[in-house]
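So the structure is just underneath, and the comments pick up after that.
The values are calculated or read from the model by the stated rules, or taken from the named source; none is laboratory data. This structure is a prediction, so every number in the text was calculated from the model and none was measured. Using ideal geometry, Cβ is built from the backbone for each residue, glycine included, and neighbour counts are taken over all protein chains shown.
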């Protein structure tokens with residue numbers, strides 16, 4: 001509907017396209033992606049991992065609701081609820097479509113939905129910018145108090161193209177693994193690194209080496225969202241050179257990135273739980289400061305739903321990680337935030353999870369937004 005307002009094929013009587021502050025979809029189908037484009041409006045998606053109707057599975061392009069965020073150019077929020085089914089989102093009854101374990105039911109689903117809709121609408125209708133925290137911080141570490149501890153929610157917050165950001169690597173340019181989108185050198189010893197479209201390459205969730213983007217349902221046969229996947233089973237690292245024009249981190253408030261576990265991958269299966277690692281900044285004098293991600297929250301494990309191949313684990317769930325840059329100065333680290341030379345992700349038992357499979361996207365420097 002919003003696309004029709006933008007292209008002029010629909011003319012409302014009582015408002016204009018500029019009056020629309022935010023668009024939200026509840027477990028939407030995607031039959032014509034180019035007509036579902038949110039353009040530059042703020043967009044929110046809420047969906048459930050137990051959905052037995054609009055399933056999000058890799059064999060059904062129309063059911064892959066993450067494709068809409070994948071083409072969104074505006075500010076983006078996602079609320080993805082493990083254990084919530086399609087008909088749990090409304091109060092009109094209907095058949096029990098839910099699939100998978102640990103179902104939470106309609107009442108708990110409504111609590112999650114109402115909590116995040118209150119934050120969303122207060123943010124964009126009333127201008128309460130502090131409520132960005134509900135989407136930009138990992139749900140394990142910060143969530144609405146009404147949501148029960150047994151409910152797992154993955155949240156995404158991504159700035160829009162008109163927001164002020166510093167791109168370290170969004171994987172949209174420079175497809176070479178050894179160069180970031182910003183033009184800096186990328187060095188790593190993580191295993192099986194692969195950069196490409198966030199598109200599961202077949203119709204199953206079973207992991208095979210020939211389909212490194214297994215579980216990614218953000219592109220299908222249309223779209224442009226790209227990212228990086230890799231794994232580890234001992235001490236490993238991934239490091240981004242910070243180009244000179246971005247080295248003054250005092251101009252920014254946060255380091256932000258999106259991360260997810262890779263469904264049904266051997267290392268995800270071996271970990272069998274939420275995932276953490278360390279984030280390190282290095283200044284031009286070689287002074288380092290690290291933050292253990294587990295202090296802020298951990299990357300959710302994929303929902304353990306079966307189907308579409310062997311094993312268990314549903315679509316990959318991105319979590320936004322947003323770290324306040326001044327936190328790297330804590331405890332007298334001596335780090336010079338005005339001259340940061342490198343950003344390093346460190347993996348292995350000394351830095352968090354001993355093993356894992358990770359998807360990474362949108363490594364950005366951001367500010368508090370109006």
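Summary table
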| read-out | value |
| --- | --- |
| Within the range 230-256, considering residues that are within 19 Å of residue 348 (Cβ to Cβ) and assigned to a strand (DSSP E or B), the one farthest from the chain's Cα centre (by Cα) | 236 |
| Meets criteria (crowded, with 17+ Cβ neighbours inside 10 Å and farther than 22 Å from residue 363 by Cα) for residue 247 | no |
| Unique match (being at positive phi and modelled with pLDDT of 95 or more) among 192, 126 | 192 |
| Residue count, the range 1-37 (criterion: out of contact with any strand residue (DSSP E or B) (no Cβ under 6 Å at 6 or more places or on another chain) and closer than 27 Å to residue 215 by Cβ) | 10 |
| Of the criteria (1) in contact with a helix residue (DSSP H, G or I) (Cβ under 6 Å, 6 or more places away or on another chain); (2) part of a loop (DSSP other than H, G, I, E, B); (3) crowded, with 21+ Cβ neighbours inside 10 Å, which one residue 39 fails | (3) |
| Filter result for residue 370 (surrounded by fewer than 20 Cβ atoms within 10 Å (Cβ to Cβ), touching a helix residue (DSSP H, G or I) at 6+ places or on another chain (Cβ under 8 Å) and touching a residue at least 12 places away in the same chain (Cβ under 8 Å)) | yes |
| Tabulated pairs, the range 32-52, first at positive phi, second surrounded by fewer than 24 Cβ atoms within 10 Å (Cβ to Cβ) and assigned to a loop (DSSP other than H, G, I, E, B), C-beta under 9 angstrom, 6+ apart or interchain | 39/73; 39/74 |
| Residue selected from the range 91-104 under the condition modelled with pLDDT of 95 or more and surrounded by fewer than 15 Cβ atoms within 10 Å (Cβ to Cβ), by the criterion nearest to residue 306 (Cα to Cα) | 101 |
| Scan of the range 133-142 for residues that are surrounded by fewer than 21 Cβ atoms within 10 Å (Cβ to Cβ) and touching a residue at least 12 places away in the same chain (Cβ under 8 Å), ordered by number | 137, 140, 141, 142 |
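Table: residues versus (1) within 24 Å of residue 47 (Cβ to Cβ); (2) surrounded by fewer than 20 Cβ atoms within 10 Å (Cβ to Cβ).
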{"position": "255", "(1), (2)": "no, no"}
{"position": "267", "(1), (2)": "no, no"}
{"position": "290", "(1), (2)": "no, yes"}
{"position": "298", "(1), (2)": "yes, no"}
{"position": "316", "(1), (2)": "yes, no"}
{"position": "339", "(1), (2)": "no, yes"}
{"position": "363", "(1), (2)": "no, no"}
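Rundown of residues vs (1) within 25 Å of residue 345 (Cβ to Cβ); (2) at pLDDT below 95; (3) within 16 Å of the chain's Cα centre (by Cα), yes/no style:
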{"position": "144", "(1), (2), (3)": "no, yes, no"}
{"position": "158", "(1), (2), (3)": "yes, no, yes"}
{"position": "165", "(1), (2), (3)": "yes, no, no"}
{"position": "169", "(1), (2), (3)": "yes, no, yes"}
